[in-house]
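Heads up: the structure comes next, in C-alpha cells.
The values are calculated or read from the model by the stated rules, or taken from the named source; none is laboratory data. These figures come from a predicted structure and were not determined experimentally. Cβ placement follows ideal geometry from the backbone for every residue including glycine, while neighbour counts extend to all protein chains displayed.
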C-alpha cells in the first residue's frame, strides 16, 4: 500500500466573502509527484498554499475542513507553523533568491533553525546544491551574489535552499513558468530525482509538463466564473491523460477550453 | 551659491582671529572681540547625536510596526498621526518642550531643565516622522517574494524581519537616517527654546548647551561688525559639518555593501 502524506478532507477556502475552493477531498501519496492542473486562476495555487499554511499570511482568509500531514491535523492549535513550513517546503513561480551570496542563500534556512557550526553548514550547503544539480555550476562562485546567476540557476538555488532545511514535502507553484526551456528540462529531470526522497506536489498550467513529470494528476475547475473551484477528477496521470472519466477533464486535456 | 555667499560673508573673520583658535577655542565673548566657537560645535554634535540615538530606534520600531505588523485599521490611525508630527511647526515643539519636558527633566536631573537632555527628547520627536516614513517606504518596497520564501522556509516573522527585510531595506533606512540627521543638525527654533543657550561645553545632561544654529539665530538680530562676520563663518562651519556627516554615512553604507 502506498503511504499517504497529505490527507485533505472537505476543504473549503475563502478570500473574504469569495469562496475559492469547495469541498476538496484528496489523498496525496508519499514519494510520488502529484500534479494539479486546471485553468489559470482556478485556485490551484491557493490549494497549494493551504498545505503549508502560507495563506495564513494573507489577511481575511478563512479555511474549513481538515488537512492531515502524516496523520497530524496541520490546522490544529498545537501545530508549530514555522516547523510545518520547514517540513513542507515551497518553490515559487518566480525564482526569488535573497539578495545575498549563493552560500548564504542556502545556509539561511539551516541557520534560522539553529545550526551555527561552520563545518556543518558547509556540508549542508554542498549537499543541498548537489541534490539540486547546481553544485558543479556554482562551486567556484559560492560567495558571489545569487542574483548574478541565470534564471534557471536561481530556481535551482531556490530548490537547494528548500532542501537545506530537510523537508518531507516540496510544493512547487508553477516552478518553470518563468524560465527558459533548457532550464525547464533540467528542473523536470531534477523533480524525477527528488521524488526518491521527497513527496512532490506541483501546480502547473502546462499540461505537457504535468504529463511528463507526475505520477498522479488532479484536475481543478471552477465551473462558474466567480464560483469556487472543485476537484473534478483525480487519478494516475496515465488515466487522466489517456482515459479520463469525466467529460470536463477530457475537454480540458484535449484543449477545448482553458 | 549658498556656499560662496556664506563663505564670502564669513571669511574676513580669519583676518582677525586665528582659524584654529576660532574652531577650537572655548571663549565666546563677543563684547570683548573673543570669537571662539568650539562649545557650539560640541553642542551641535552632542545634541544631534543624542537625538539620533533616541529617535532612530523609536522611528525604526514604528516603521517596522507599520510596514509589517500593524493590522490595516491600526495603520490607518498611526500613519497619519506620524505624518502630522512632521507638519507641526518647530516653535510648537519648543512650547511643548518648555511646558512639559523642561519641568520633568528638571525634576529628574535637577537644574533648570533647560538642558541637553530636554533638547535630545524634543529633537528625537522632531526627526521621528522623517525617519519613520522613509524607512517604512523602504521596508514596504522590499519584494514580497523575499518575505514569502523566508517564511516558507520556516522562519518566524521576526527572523524574517531581522535577517531578510531589514538588510534588504538598509539603503533606504540609511537614507532616512541621513535625512533625520540633516534635520537634527539644522534645527534651530525648538532647540533654542529648550537648550538653555549657555556658551560652554556641557559636562552633564542637565547643563545648558548652545548649538551653532541657536547662537546664529539668537545673535543675528543685534550683532554687528566682527560679531556678525563671526556668525556667518559659524554658518559656514555648520554647512561643512552637515556635508561631512552625510559623506561619512554614505561612505560607510557603501563600504558595507561592497
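Odds and ends about this structure:
- Check on residue B:132, at pLDDT 95 or above and away from chain A (no Cβ under 14 Å): yes
- Identity of the residue in segment A:70-96, at the interface with chain B (Cβ under 8 Å from one of its Cβ atoms) and out of contact with any strand residue (DSSP E or B) (no Cβ under 8 Å at 6 or more places or on another chain), that ends up farthest from residue A:166 (Cα to Cα): A:94
- Among the residues making up segment A:171-193, those that are within 14 Å of chain B (Cβ to nearest Cβ), surrounded by fewer than 24 Cβ atoms within 10 Å (Cβ to Cβ) and in contact with a strand residue (DSSP E or B) (Cβ under 9 Å, 6 or more places away or on another chain) are A:173, A:174.
- Inter-residue pairs, beta-carbon under 6 Å, first within 17 Å of residue A:13 (Cβ to Cβ) and in segment A:31-44, second in a helix (DSSP H, G or I), 6+ apart: A:36/A:44; A:38/A:44
- Test: residue in segment A:148-164 that is surrounded by 22 or more Cβ atoms within 10 Å (Cβ to Cβ), within 12 Å of chain B (Cβ to nearest Cβ), part of a loop (DSSP other than H, G, I, E, B) and in contact with a helix residue (DSSP H, G or I) (Cβ under 6 Å, 6 or more places away or on another chain): yes
- Residues that are over 19 Å from residue B:184 (Cα atoms), without any contact (Cβ under 8 Å) to a residue 60 or more places away in the chain and under 24 Å from the mean Cα position of the chain (by Cα) within segment B:26-55 comprise just one, B:36.
- Note on segment A:97-124: residues that are more than 14 Å from chain B (Cβ to nearest Cβ) and crowded, with 22+ Cβ neighbours inside 10 Å total 1.
- All positions within segment B:164-177 that are at the interface with chain A (Cβ under 8 Å from one of its Cβ atoms) and surrounded by 18 or more Cβ atoms within 10 Å (Cβ to Cβ): B:164, B:168
- Condition met for residue A:168 (surrounded by fewer than 20 Cβ atoms within 10 Å (Cβ to Cβ) and without any contact (Cβ under 8 Å) to a residue 60 or more places away in the chain): no
- Among the residues of segment A:225-258, the ones that are surrounded by 13 or more Cβ atoms within 10 Å (Cβ to Cβ), at pLDDT below 90 and in contact with a helix residue (DSSP H, G or I) (Cβ under 7 Å, 6 or more places away or on another chain) come to 2 in all.
- Residues within segment B:181-196 that are buried (at least 20 other Cβ atoms within 10 Å of the Cβ) and either more than 14 Å from the chain's Cα centre (by Cα) or in a loop (DSSP other than H, G, I, E, B) (or both), tallied: 5
- Criterion applied to B:161, B:201 was being surrounded by fewer than 22 Cβ atoms within 10 Å (Cβ to Cβ), touching a strand residue (DSSP E or B) at 6+ places or on another chain (Cβ under 9 Å) and more than 20 Å from residue B:129 (Cα to Cα), and the one residue passing it is B:201.
- For residue B:68, the conditions (1) more than 14 Å from chain A (Cβ to nearest Cβ); (2) touching a residue at least 24 places away in the same chain (Cβ under 8 Å); (3) surrounded by fewer than 22 Cβ atoms within 10 Å (Cβ to Cβ) are fulfilled apart from (1).
- Conditions (1) over 14 Å from the mean Cα position of the chain (by Cα); (2) on the phi < 0 side of the Ramachandran plot: number failed by residue A:226: (2)
- Residue match in segment B:140-149 (condition: more than 14 Å from chain A (Cβ to nearest Cβ) and either at pLDDT below 90 or more than 16 Å from the chain's Cα centre (by Cα) (or both)): yes
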